[in-house]
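For reference, the structure is listed below as structure tokens.
The values are calculated or read from the model by the stated rules, or taken from the named source; none is laboratory data. Just so you know, these numbers come straight off a predicted model, no measurement behind them. Cβ placement follows ideal geometry from the backbone for every residue including glycine, while neighbour counts extend to all protein chains displayed.
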Amino acid sequence: MIIRALLPIWGLPTWAAASFLLLASSCGTSPEAQRRPPNVVFLVSDDQGWADIGCNNPRVWSPNLDRLAAEGALLRQNYVMPQCTPTRVALLTGRYPGRFGGAALEASNDPALPKGTPTLADLFRAAGYATFLCGKWHLGSTPEFGPGQFGFDHSYGSLAGAVGMYDHRYRKGPYALTWHRDGELLEDREDGVHATDLVTREAVRIIEAERTQPLLLYVPFHSVHTPLDERGRFVQRPTQRDPSNPERWLDEDRIEWFHDPEGRIQAEPDPEKRLLLAAVHHLDSAVGEIVAALDRTGKRADTLIVFTSDNGPQGNWPGNAYPDDLKLTDFNQPLPMRGKKLDVWEGGIHVPGFVNWPGVVRPREVDAPVHAVDWAPTFAALLGAPALPLGDGVDVWSSLVAGAPLPPRDLYWTWSRRTNRWALRSGDWKIVRYGVGEPAEPGAWSLFDLRADPKEERDVAAQHPDVVADLHARFLAQRRRDAK
């Protein structure tokens, strides 16, 4: 009776409402929290390495992200794919990108998913949610393969990947005009405002709107991907070195993003690293605005926030791909692990992440490996909905809220561009191979014990041939499920 009485307010089917009541009861939330399902805000940063956030590195100023992490479940082993498009495929489908092949395996303007592929947005929409995307899509750079074709009621941002932060164009060529609203390309592109500010402004507008439905708000930021451009109020000219002092940026002393109350950013002597820290500060402020909007509208207590980066740090960038695009060298914070973006070493796939839901997800550190493919089955379980078909992930909710161990499973990575890059993790063992062609024999692999050697410095394949043979067989089982 209670559930049926509340359905007109929630706009949810009975099975979903019942699921949330059971969830709230089992988690010991207040009666108020038990009366409504959560909004879900899924935040994705771009190219933010494990060390480019304050909760992992005290040299970084990111107080809003750090507070959310401290008050929720900090994911100590948060895994994604080694590049942006493959991670977005994994997040939205619950499947490894190799299952789709082609454009799903690396950054591309081609369609990554066949039309009709079920996504997280479809799952939430079927459960009565309003579904929104603000930011970077990068799963097909034309409107006919945009977010509206994959479960999102409304979308805003870029269809293509990285864009100029102030002109919002994607490089040169047929995909340059990419800034859109609901699939309609915007000729004026709202030039002169930083992409992070535009995306945040739209997210806040969506949060503040009155609606009876709960909300899925997917916010894949463009930051801190290159081109890095933190010109602040000096919007008429791009970020550039000060000609009187090349170790400083022009007007750096008057641009807010280069300064924090504790002086962490200014304590960084390397100007390029300081520019990245400024971009993180800007991104963190945007997250703070979104959380403030949730507070202001009384929605904070009923909102589950998930945060992850999409891959490891860029490291180096040649520049000249976009207007006002700077060449940068070794500009991220140093990683305590091997590799970076595009690598299946830990540095390319092991990134910052956390989950926050006041009163439900209590402060804890989660040491169990969580992968991007896990969010689809986790949300399906929360919604009491059928899982997306052919999924590769597992429901991690009990680990997030109660520290329960996850069921044994293998984590699997593929990436290719000239050199194939393969990896599989089972328990604390991980095999890695870089090379041409398929790793058909067990002898092709390097083996690492991540518990004893998290930096992957000691290849122990020769000492554990039985482990290599076992993981090789597991890899072949995953590979057979990939598109050929």
Residue check, SER398 against (1) over 21 Å from CYS55 (Cβ atoms); (2) crowded, with 24+ Cβ neighbours inside 10 Å, all met but one. Which one? (2)
When you scan region 143-164, how many residues do you find that are among the aliphatic types (A, V, I, L, M) and free of Cβ contacts under 8 Å to residues at least 40 places away in the same chain? 1
Criterion first (closer than 22 Å to LEU294 by Cβ and within 22 Å of the chain's Cα centre (by Cα)) does GLY146 satisfy it? no
Within region 256-266, can one find any residue that is closer than 27 Å to ARG296 by Cβ and among the aromatic types (Phe, Trp, Tyr)? yes
Where residues in region 158-181 are at pLDDT 95 or above, under 20 Å from VAL235 (Cα atoms) and of a type in the set (A, V, I, L, M), which of them is surrounded by the fewest Cβ atoms within 10 Å (Cβ to Cβ)? VAL163
Quick test of your reading of the structure: CYS134 fulfils all but one of (1) touching a residue at least 40 places away in the same chain (Cβ under 8 Å); (2) assigned to a loop (DSSP other than H, G, I, E, B). Name the failing condition by number. (2)
Enumerate the strands (runs of 3 or more DSSP E) found wholly within region 367-484, keeping only those where 1 or more residues are among the acidic types (Asp, Glu) and within 26 Å of LYS340 (Cβ to Cβ). 410-417, 446-449
Inside region 237-289, the number of residues satisfying the requirement of being in contact with a His (Cβ under 7 Å, 6 or more places away or on another chain) and free of Cβ contacts under 8 Å to residues at least 40 places away in the same chain is 2
Of the residues in region 228-258, those that are of a type in the set (Asp, Glu) and either in contact with a Cys (Cβ under 7 Å, 6 or more places away or on another chain) or at negative phi (or both) come to ASP229, GLU230, ASP242, GLU247, GLU252, ASP253, GLU256
Can we say GLY359 is surrounded by fewer than 21 Cβ atoms within 10 Å (Cβ to Cβ), under 27 Å from GLY164 (Cβ atoms) and either over 18 Å from the mean Cα position of the chain (by Cα) or among the hydroxyl-bearing types (Ser, Thr, Tyr) (or both)? no
Unique residue being charged (D, E, K, R), free of Cβ contacts under 8 Å to residues at least 60 places away in the same chain and assigned to a loop (DSSP other than H, G, I, E, B) when the list is ASP167, ASP191: ASP191
Check TRP50, TRP61, TRP15 and return the single one that is of a type in the set (Phe, Trp, Tyr) and modelled with pLDDT under 95. TRP15
Residues in region 318-373 that are at positive phi, touching a Pro at 6+ places or on another chain (Cβ under 7 Å) and not charged (D, E, K, R): how many? 1
Only listed residue being farther than 21 Å from LYS341 by Cβ, out of contact with any Pro (no Cβ under 8 Å at 6 or more places or on another chain) and not in a strand (DSSP E or B), chosen from ARG201, ARG274: ARG201
Every residue from region 320-348 that is farther than 29 Å from HIS371 by Cβ, touching a residue at least 40 places away in the same chain (Cβ under 8 Å), part of a loop (DSSP other than H, G, I, E, B) and of a type outside the set (A, V, I, L, M): TYR322, PRO323, ASP324, ASP325
Of the residues in region 104-127, how many are under 18 Å from VAL344 (Cα atoms) and assigned to a helix (DSSP H, G or I)? 1
